[in-house]
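Just so you know, all these numbers are worked out from the coordinates, no wet-lab data involved. Computed from a predicted structure; not experimentally measured. Glycine gets a Cβ as well: all are built from the backbone with ideal geometry, and neighbour counts include every protein chain shown.
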Amino acid sequence: MPQDDDDLDNLVRKRIRALRVAQGWSLEELATRANVSQSTLSRIENGQRRLALDQLVTLARALDTSLDQLVENASDDVVSNPAIDRARGQMRWPIKAEPGMTVVRQRMTNPPPDQPARMRAHPGREWLVVLSGTAVLLLGNRRLRIETNQAAEFPTMLPHAIGAEGGPCEILGIFDRDARRGHQRGDGTGNAQP
């Protein structure tokens, strides 16, 4: 077996054991849940038995995870640098674990639009955290103040807009794939546009 395969094999074994221990389960308990013998599970965790795909599927289910997560290769790129969009005053980080999701850090200086017609609605879901200052989220007929260290989560099918109140604010927005697409079309309002 090549070195990379050995490393992945060892990583998967460690994950199985770590997930079992995190659940507070004994070898016997996980073996019962996965319908394998306790000795088989022990040999799998200790590297004395070959990892078989059918057993990995069963173990992943018993551990309440997916096969993909159980066998995912360790990534060396834990730290990532943002892509900077100076024109919009934004920094963007793609979320590798969830393809299509994006994180945007933005400094906002303008209040939200005063005309409901300038609010946007589109498929998707957004999350935002106010890092500093006070943000105002217009969401349907509601006007919500979000202070430093507070967060908001909302479906983007509701008409919405965001801006600053009482001075600049800095937000961290997380956009799913649909929300990101909805905001990529500039609307000219100065609102957060990932």
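If packing is taken as the average count of other Cβ atoms within 10 Å, what order do 55-63, 110-118, 29-37 fall into, highest mean first?
Those peptides, ordered most packed to least, come out 55-63, 29-37, 110-118.
Rg over Rh of region 3-71, using C-alpha atoms and the Kirkwood radius, what does it come to?
Taking Rh as the inverse mean 1/r over Cα pairs, Rg/Rh reads 0.92.
Sorting check: for 39-46, 156-163, which peptide has the highest mean count of neighbouring beta carbons within 10 Å, and how do the rest follow?
Final packing ranking: 156-163, 39-46.
Set the Förster radius R0 to 30 Å, insert the Cβ-Cβ distance between residue 68 and residue 131 as r into 1/(1 + (r/R0)^6), and round the FRET efficiency to 0.05.
Efficiency computed from Cβ-Cβ geometry: 0.40.
Would you mind getting me the FRET efficiency between residue 14 and residue 85? Use the beta-carbon distance for r and R0 = 35 Å, nearest 0.05.
0.35
Please work out how much length the chain gains when fully extended from residue 42 to residue 150, using 0.36 nm per residue of separation minus the C-alpha to C-alpha distance, in nm with one decimal.
34.3 nm
Would you calculate the separation in nanometres between label points at residue 22 and residue 118, each defined as 7 Å from the Cα along the Cα-to-beta-carbon direction?
Simple spin-label model gives 4.5 nm for this pair.
Any idea what diffusion coefficient region 83-184 gets from Stokes-Einstein, in µm²/s, Kirkwood Rh on alpha carbon pairs, 4 °C, 1.567 mPa s?
D, rounded to a whole number, is 95 µm²/s.
Could you give the nm distance between label points at residue 177 and residue 61, where each point is 7 Å from its Cα heading toward the beta carbon?
Once both label points are built, they end up 2.6 nm from each other.
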